[in-house]
Each structure stands twice: as structure tokens, then as C-alpha cells.
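First the structure, in the form of C-alpha cells, and then the observations on it.
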Amino acid sequence: MATVREGNKKALLVVDVQVGVMAEAWEAPRVVAKVAAAVQRARAAGTPVIWVQHASDDELPTGSAPWQWVPELVPAAGETLVHKRYNSSFEDTLLEAELARIGASHIVLAGAATNWCIRATAYGALERGYDLTLVADAHTTGDMTLDNGVCVKAAEVVADLNMAMTWLRYPGRRNEVASAESLDFAG
């Protein structure tokens with residue numbers, strides 16, 4: 001069993017809201033606005049905002065135009081940047097060390113892509129003993145066509161993860177979904 005994190009200090013994790021990731025994402029302008037609202041609420045409450053940025057040699061080379069944050073979202077001076085190469089924001093990154101440094105035990109999660117990096121990070125957080133709030137209207141992905149020709153719609157993938165995080169249970173941890181407007185960073 002994972003070590004359950006004591007306390008209720010929150011940190012907002014903004015994952016992969018990058019030009020290349022959002023280019024084909026479902027309802028990207030709406031989702032970016034919701035992520036921006038969550039960032040604004042976190043900053044107003046004095047909650048740390050941690051920015052996680054994906055790099056890959058093929059689609060998101062470090063420093064390239066697709067690798068950059070979308071123009072509507074800019075990390076503030078002093079906010080932590082975490083660089084990753086795998087789906088989970090925890091794998092082979094400094095994220096856990098940063099969460100320990102700030103004493104965070106509760107992760108509020110927003111970003112992209114729902115079916116890859118958001119899902120992997122959500123489960124990674126719970127498996128490492130963190131409480132989790134998935135921002136239900138602040139994550140997205142693109143439609144996917146499977147090898148058999150079936151198209152899995154992005155809206156269905158988002159709804160599926162929102163449902164899973166509503167009903168999933170881990171011992172000693174809390175997980176939930178909340179809209180960007182209903183986030184409570186004070187409590």
C-alpha cells in the first residue's frame with residue numbers, strides 16, 4: 001500500500017497545455033480558458049502552481065514551437081516547471097521532490113491529454129498516496145481512430161475519466177472531480 005500523505009495542502013498541476021498538444025484537442029479554447037481560471041483561483045489563494053511540460057524527439061522537441069505553452073497560459077515568475085518525457089508526470093521527473101518541498105498532499109489536476117498524461121498522472125498521484133481533484137472541465141484530448149476504424153470521441157474519453165475519478169476509491173485517499181469555478185483552494 002502507498003504511503004498516504006498527511007494534511008491537505010494543495011498544489012495545482014497544469015500538465016502539457018502546449019501548442020502541439022492542444023492543436024487537435026477537443027474544445028481546446030474552452031478548456032484553456034478553464035485551465036486559466038483554475039490557475040487564477042490557485043494564485044489568488046496562494047496555492048502553488050506547478051507546470052508540467054512534455055518533450056519528445058518526434059512531436060514535441062524541446063524548444064520547438066509545438067513544445068511551447070499555449071499563449072493564454074504563462075507560468076509566473078517563481079512557479080515550478082517540471083519537464084517530462086513519459087505520460088505520468090511522476091516518472092523520471094522532479095515532481096515528487098517538489099511536492100515534498102512544498103508539503104503538498106493534495107493534487108488538483110488539469111491539462112492534456114486526458115487519455116494519456118492526465119490519466120497516467122491521476123493514477124500515479126493516487127498510487128503514491130496523494131489526494132486528487134480532477135478539474136472536470138479543464139482537461140481534454142483529441143479523437144482517436146483505432147486500427148479497426150472505430151473512432152473514439154474525445155468527449156467520451158473526458159467523460160470516462162471524470163466518471164472514473166468520481167467513483168474510484170483508494171484506501172486512505174480522497175479523489176473527486178470539480179469544475180474550475182467550484183475549486184476550493186482554501187479548504
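Quick notes
- Inter-probe distance in nm under a simple model that places probes 7 Å from Cα toward Cβ, at residue 101 and residue 24: 3.5
- Footprinting exposure proxy for 106, 139, 83 (fewest neighbouring C-beta atoms within 10 Å first): 83, 106, 139
- Extension gain from residue 76 to residue 169, taking 0.36 nm per residue of separation minus the Cα-Cα distance: 30.1 nm
- Hz values of 3J(HN,Hα) by residue in the stretch 83-92 - Karplus curve (6.51, -1.76, 1.60), Gly and Pro given as x: 9, 9, 10, 10, 4, 6, 5, 8, 6, 6
- A simple spin-label model places the labels of residue 160 and residue 40 3.3 nm from each other, with each point 7 Å out along Cα-to-Cβ.
- Taking every Cα-Cα distance in the stretch 10-180 and sorting them into 5 Å bins starting at zero, the pair-distance distribution P(r) comes out as 2, 9, 19, 23, 22, 16, 7, 2, 1, 0 percent.
- Spin-label pair residue 59/residue 85, simplified geometry with 7 Å Cα→Cβ offset, distance in nm: 1.7
- By other beta-carbon atoms within 10 Å, ranking 94, 12, 126 with the fewest at the front produces 94, 126, 12.
- Cβ-to-Cβ counts within 10 Å put 118, 107 in ascending order as 107, 118, the fewest first.
The numbers here are math on the coordinates, done by the rules we state, and not lab data. Because the structure is a prediction, the values reported are computed rather than measured. Cβ sites come from the backbone with ideal geometry, for glycine too, and all protein chains shown count toward neighbours.
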